């Protein structure tokens, strides 16, 4: 097996179609040469989305997600940010953003390009949010889109990959990057986003075999584990 | 009672009878029951309440539960004591086999257990966990040369299967039933002439309930045999038999009513007649568990039911209950009422998966789907257990050895395995820890050498040897032993406070030892002792004064260290989930369908993390912390222990493991927990890969 990942603590280095990218412990992906930061599936206002249906989840998920996003942006200071779809939990979610949260988003967008890729949860994004709305973006050999198709050089989200590792009768489940050197599926970044096991059939459509790696988000470091060893 | 007609329906109620009241009042079920009673006292002032109990430590507190509490005065029902029951005959199995040092299977006594079943007409064999029941049942069948009709009964078996066993039992067709506490209460099966209790009795009252299953006639003595599975359990059995002889009870004291149960009740009230806060608060105070409830807590609960109780007031327009212009609260829409009725109750079960038997498909690619669906339903199993398995693992279920094939939605597919040895379900321990009362009696027994005469020779020798090479702990002191073994160093202490409190202690001690640079690697806890191991030479460090035991065991560990640990504790998250469900934040069921955790689109763990960070004093977090004091973390008991042993820590520096330490040392390797640190586990998984790559 070729080595597709090198353990370097807080980050793992991912090789996708010949491009070196850094998988950040926060669940973001950073492309140094392009000074490009990618985050996927923020699902902002998921809490209030449930509240409209009578499930009064704590209304702090947006502020928590934006806080983590601000931290990773501060760390890498990218020239460009791509939000890889499902940035908002539902079609009306952006309308429920609080004024301070709107301000936070505006501040994050200052001095850099910002691209909202549309996803199935947020197919139509309003123009007053700042940034540019796109269906997909191609940079060099890499294509950024929300729903993975399995194409070579694709970086996608949508599936919320997570990996379960079992050792000595104890098991643990964490978000992860799924990557086989040709394509990658990014973990969901949102505070309330759950996950789908990388052993689910949905992933076999993207990766064909189990010869891909899960770059699992641990407490203090990333861990690169073969998908065949996860559940 | 959540209907508009409640006043009409209940106003003529004359009498309410609560059987086995001691068992009802120890949980949130009891909290909800007390709130229901409070409502009935208002709707039907003529109603009389009668509670029944055969095993209760403090009858006075149960008597308070039965009548309205007024003006913070303690009102109580009359207590009537029924006498005349014949004293039970309880013995400990005098085994001729070698007593195991550790373990909970009592395999050594299988032949003797089988003989007891054979010599009696009908025997109930109680064990503490489902997995023990499975194992024992298998073992008994293997040696059942006489073809005795022996059956298995536990809570996760399919209902149809359980009813079959119960029917056969009622008809007198069975010679023995291996069962768990699913049969503790209320099942009266006439002709049981012997109860065998395998393993630790855990509590005196608990044991008496089980013994009471035999010979359910008040004028004849019940007969029971206790079978300890290891040496410590011999001590526990000995003191439990003494406690039964003295008719000493140890049911826990009345609880303080939980806020999540109150939230459910408040929503229920709003579903019926609209209520005024002042009025409902007054009514709630009449319920004994809530007689001390502050107005602030009550108002917070009402606020929670209405809009979630968040400091950030953004959910006004999504309120579940609303006030009319007279200030009366009523449910905001019929869907809320419907959801309340579907989700009423306080029993939050672990997420259970259905186990289905299918034909093996050989290999183990592990992805879901592709497997033939259907298959015979064997019963249900905890999701947590299955999560610990790898495809292809074998385990015992429903009396058969099965192979884990696949998981799809809420179904676990298994095939029949031919292995003689299953990867047996790990021993999860009973839900109940050793009672404080029995623990104290065990410590007294250890401290009183004259009382050792009542113990089997093997156990007496074991204790004598301990007192020669180390020390037998005194009633109030904490014995701490340190010794090297292999290339590691061990610290073993003996608090006798039950596995749950020991686990919490282990979590907190390892944090502190890490700071003291002892470099702890792991710990293991059982009902009696805790062992921590690490790379640092603890004996040497204590000698040098670099590690101070009284500082290490200082009760201040229940401050910041506890808070820091709770932040990430999986047990705390489970506790929170229960509160979130009972309080109605999260629905268990929607109209027409059961919502399994797999279908839930958000995880309560994520909600816990966010809420804890942004509103740490939220009413649900307060409810979860109150539960942690007595529940899975048993913090109150740990706190009592730490105060008890202050200034009474006895340290023994040893060259090697002591006789008393052997049982807990044997548990190492079965489960090895390092804090709840997860990076180690992940790193290990990654290392495996590295090894493979290098070979």
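The values are calculated or read from the model by the stated rules, or taken from the named source; none is laboratory data. Keep in mind the model is a prediction, meaning the values are calculated, not measured. Ideal geometry is used to build each Cβ from the backbone, glycine not excepted, and the neighbour counts take in all protein chains shown.
Worth pointing out:
- Flag if residue B:652 is out of contact with any helix residue (DSSP H, G or I) (no Cβ under 8 Å at 6 or more places or on another chain) and at pLDDT 95 or above: yes
- Among residues of segment B:414-442 that are on the phi < 0 side of the Ramachandran plot and within 14 Å of chain A (Cβ to nearest Cβ), those with a Cβ under 7 angstrom from a residue that is modelled with pLDDT under 60 and assigned to a loop (DSSP other than H, G, I, E, B), sequence gap 6+ or separate chain, pair up as B:426/A:169.
- Filter result for residue B:342 (touching a strand residue (DSSP E or B) at 6+ places or on another chain (Cβ under 8 Å), at pLDDT below 95 and not in a loop (DSSP other than H, G, I, E, B)): yes
- Qualifying residue in segment B:260-277 (condition: assigned to a helix (DSSP H, G or I), surrounded by fewer than 24 Cβ atoms within 10 Å (Cβ to Cβ), without any contact (Cβ under 8 Å) to a residue 12 or more places away in the chain and not assigned by TED's automatic domain parsing to the domain that holds residue B:625): no
- Looking across B:542, B:582, one residue alone is more than 29 Å from residue B:613 (Cα to Cα) and either in the same structural domain as residue B:659 (by TED's automatic domain parsing) or modelled with pLDDT under 95 (or both). It is B:542.
- Residues that are over 23 Å from residue B:315 (Cβ atoms) and modelled with pLDDT of 95 or more, drawn from segment B:261-280: B:278, B:279
- Helices (runs of 4 or more DSSP H) wholly inside segment B:102-170 that include at least 3 residues being without any contact (Cβ under 8 Å) to a residue 40 or more places away in the chain and surrounded by fewer than 19 Cβ atoms within 10 Å (Cβ to Cβ): B:110-119, B:159-170
- Taken together, A:48, A:40 contain a single residue that is crowded, with 18+ Cβ neighbours inside 10 Å and in contact (Cβ under 8 Å) with a residue 60 or more places away in the chain, which is A:40.
- Test for residue A:69: is it more than 14 Å from every other protein chain (Cβ to nearest Cβ) and over 30 Å from residue B:343 (Cα atoms): yes
- Taken over segment B:497-511, the criterion of being surrounded by 24 or more Cβ atoms within 10 Å (Cβ to Cβ) and closer than 12 Å to residue B:528 by Cα is satisfied by B:497, B:498, B:500, B:501, B:502.
- Where residue B:497 falls short, out of the listed (1) outside any helix (DSSP H, G or I); (2) closer than 25 Å to residue B:540 by Cβ: (2)
- Residue count for segment A:116-157 under the criterion of being touching a helix residue (DSSP H, G or I) at 6+ places or on another chain (Cβ under 9 Å) and closer than 28 Å to residue B:391 by Cα: the result is 2.
- Selected residue [within 30 Å of residue B:487 (Cα to Cα) and either away from chain A (no Cβ under 12 Å) or modelled with pLDDT of 65 or more (or both)] from B:672, B:658, B:678: B:658
- Candidate set from segment B:315-327 (those that are assigned to a loop (DSSP other than H, G, I, E, B) and surrounded by fewer than 16 Cβ atoms within 10 Å (Cβ to Cβ)); member that is nearest to the other protein chains (Cβ to nearest Cβ): B:324
- Number of the exception - residue B:637 against (1) in contact with a strand residue (DSSP E or B) (Cβ under 9 Å, 6 or more places away or on another chain); (2) more than 11 Å from chain A (Cβ to nearest Cβ); (3) at pLDDT 60 or above: (1)
- Residue within segment B:600-617 that is closer than 30 Å to residue B:436 by Cα, more than 8 Å from chain A (Cβ to nearest Cβ) and at pLDDT 90 or above present: no
- None of A:91, A:79, A:3 is touching a strand residue (DSSP E or B) at 6+ places or on another chain (Cβ under 8 Å), surrounded by fewer than 16 Cβ atoms within 10 Å (Cβ to Cβ) and either at pLDDT 95 or above or at negative phi (or both) except A:79.
- Residues in segment B:5-39 that are over 28 Å from the mean Cα position of the chain (by Cα), more than 20 Å from residue B:259 (Cα to Cα) and in a helix (DSSP H, G or I): B:6, B:7, B:8, B:9, B:10.
- None of B:2, B:11 is in contact with a helix residue (DSSP H, G or I) (Cβ under 7 Å, 6 or more places away or on another chain), at pLDDT below 90 and either over 23 Å from residue B:213 (Cβ atoms) or surrounded by 15 or more Cβ atoms within 10 Å (Cβ to Cβ) (or both) except B:2.
- Among the residues listed as B:45, B:68, the single one being assigned to a loop (DSSP other than H, G, I, E, B), more than 14 Å from residue B:291 (Cβ to Cβ) and either at pLDDT 90 or above or outside the structural domain of residue B:284 (by TED's automatic domain parsing) (or both): B:45
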